[in-house]
Structure formats: structure tokens, C-alpha cells
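A.B. asks: Before we start, here is the structure in question, set down as C-alpha cells.
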Amino acid sequence: MRFVFDISPKMAADGRPLRAVSDYFQFQSPYGGVSASKKDQTPTVKTKNGKTVTGFATVARHLSQAGNVPCDLNMEEQAAVDQWLEYHVTQVVHCDQGQHCAQVLQELNSYLSDKVYFVTHHPTVADIIIYHGLYDVFMKLAYQEKEKYIHLSRWFDNIQQDERIRQSLQVLPFSRTSLYS
């Protein structure tokens, strides 16, 4: 059974990243898909044993670990992924074009100054979630603004080249002049 998303428009911001994680890790469940609590729109999903997992970061982690694509991480790497999932929930989701967004972009840019991916030497659920969380922000940035965040822009452009991560999203330009089309 293909994974189904039963989310409201209010949860759409969380829905796209969770859908991307589900598709990337080829998660399938006979128990239905991600739904949102009626009270506060918190994402929930049922596990194979019928228990319910609740919360954005917890659901994202479950989708990546219970999928058909292995994500072998040691305890330290998993802890780092968990931190980035929480960072998404507390910072990236609230990123708009204001001062808070500039601070988030600067923090991420500094962190990625000597890294290709957020946690390991390959994409993890943290990269997928943050990419989808920042997509709308990067879509609105001018070239000059993207250049201010050179490391984050390099990471973003690298991540978007993987069709399994990007999915149906458009590739965003990072160069003012296209040499090849």
C-alpha cells in the first residue's frame, strides 16, 4: 500500500517535507499514512505494531527508519539528525523574509562552511527536511542574496540535483548567466 497523507491546509508546510521523506525512504504502511490531530494539527502516523507516533520530528525519523531504503546511522549521527529535525521545527518553519530568516540562513551557512551534508557524507532525513523547509525561501531570494549564503547555496544546489529528494519541485537557478541550457 502506498503511503497516504491526510493533512489539512494548515499542515501543508509540514506535509511536503514529510511526504518527501516518505517517498525518499520508500515508506509503505498497511496502517494508513500521516494524519494531523484535530486539536493542534500535529502530524501522527501508526507504526507496524499499531502504536501511534506523534510530532513532526518523531514522524520524520520513523518514516526514514521504517522505509525500504536503509539509513544506517550510529547513535551519534542519529542524535545529530534529531537535532536538525528539531531545528527545522523551531527555526526553519518560522523562517520568513524578515530578520529571523536572515539569522537562520546565516546560522546554516556557517554550519555548512566545511560540510557537504548536515550529518554524514550522504543525504539524511535532516537534509531532506531542511531542503524542503527552505525551498520557498530560496525561491524568493535574489541572486545577490543567495551569494551572501554561499555555503548554504552550494548545499541547496547540490541537494536539489537529486530527483529523489527534489521530487516534483523545480530546480532553482543559482547562476545569473546560463552557459548551457
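A.B. asks: Rounded to the nearest 10 Å², what accessible area does S110 have for a 1.4 Å probe in the complete protein model?
C.D. replies: Looks like 70 Å² after rounding.
A.B. asks: Mind pulling the angle between the C-alpha long axis of helix 75-90 and the longest principal axis of the chain? Nearest 10 degrees, somewhere in 0 to 90.
C.D. replies: Approximately 80 degrees, to the nearest 10.
A.B. asks: List the Cys residues of the chain that have no partner Cys with a C-beta closer than 4.7 Å.
C.D. replies: Those would be C71, since no other cysteine Cβ in the chain comes under 4.7 Å of theirs.
A.B. asks: OK, next. What's the angle, to the nearest 10 degrees (0 to 90), between helix 125-140's Cα axis and the longest principal axis of the chain?
C.D. replies: The helix 125-140 is inclined about 50 degrees to the chain.
A.B. asks: Could you report the chain's accessible area per residue, 1.4 Å probe, as an integer in Å²?
C.D. replies: Accessible area per residue: 55 Å².
A.B. asks: Please build a GNM for the chain, connecting alpha carbons under 10 Å apart, and tell me which residue among H100, H62, H88 fluctuates the most.
C.D. replies: Judging by the Gaussian network model, the answer is H100.
A.B. asks: Could I ask something else about it? Setting aside same-chain residues fewer than 8 positions from K51, which lysines have a Cα under 21 Å from its Cα?
C.D. replies: K38, K39
A.B. asks: When the Debye formula is applied to the Cα atoms of the chain, each taken as the same point scatterer, what base-10 log of I(q)/I(0) results at q = 0.17 Å⁻¹?
C.D. replies: Result of the Debye calculation: -1.10.
A.B. asks: Expressed as an acute angle from 0 to 90° and rounded to the nearest 10, what is the orientation of the C-alpha long axis of helix 150-160 relative to the principal long axis of the chain?
C.D. replies: For helix 150-160, the angle is close to 50 degrees.
A.B. asks: Which FRET efficiency, nearest 0.05, do D162 and N49 yield, Cβ-Cβ r, R0 41 Å?
C.D. replies: 0.80
A.B. asks: Given charges of +1 on the Cβ of Lys and Arg and -1 on the Cβ of Asp and Glu, with all other atoms neutral, how large is the dipole of the range 45-143 about its Cα centre, in debye to the nearest 20?
C.D. replies: In total the dipole reaches around 440 debye.
A.B. asks: Let me ask something else about it. Okay, helix-only estimate at 222 nm for the chain: each DSSP H run of n ≥ 4 adds -39500 (n - 2.57), divide by all residues, round to 500 deg cm²/dmol; what do you get?
C.D. replies: Using -39500 (n - 2.57) per qualifying helix, the result is -15000 deg cm²/dmol.
The values are calculated or read from the model by the stated rules, or taken from the named source; none is laboratory data. Quick caveat, the model's predicted, so the values are computed rather than measured. We place every Cβ from the backbone using ideal geometry, glycine too, and count neighbours over all the protein chains shown. Each accessible area value is taken on the protein alone, full model and side chains, heavy atoms only, with ligands, DNA and RNA left out. Shrake-Rupley method; radii C 1.70, N 1.55, O 1.52, S 1.80 Å.
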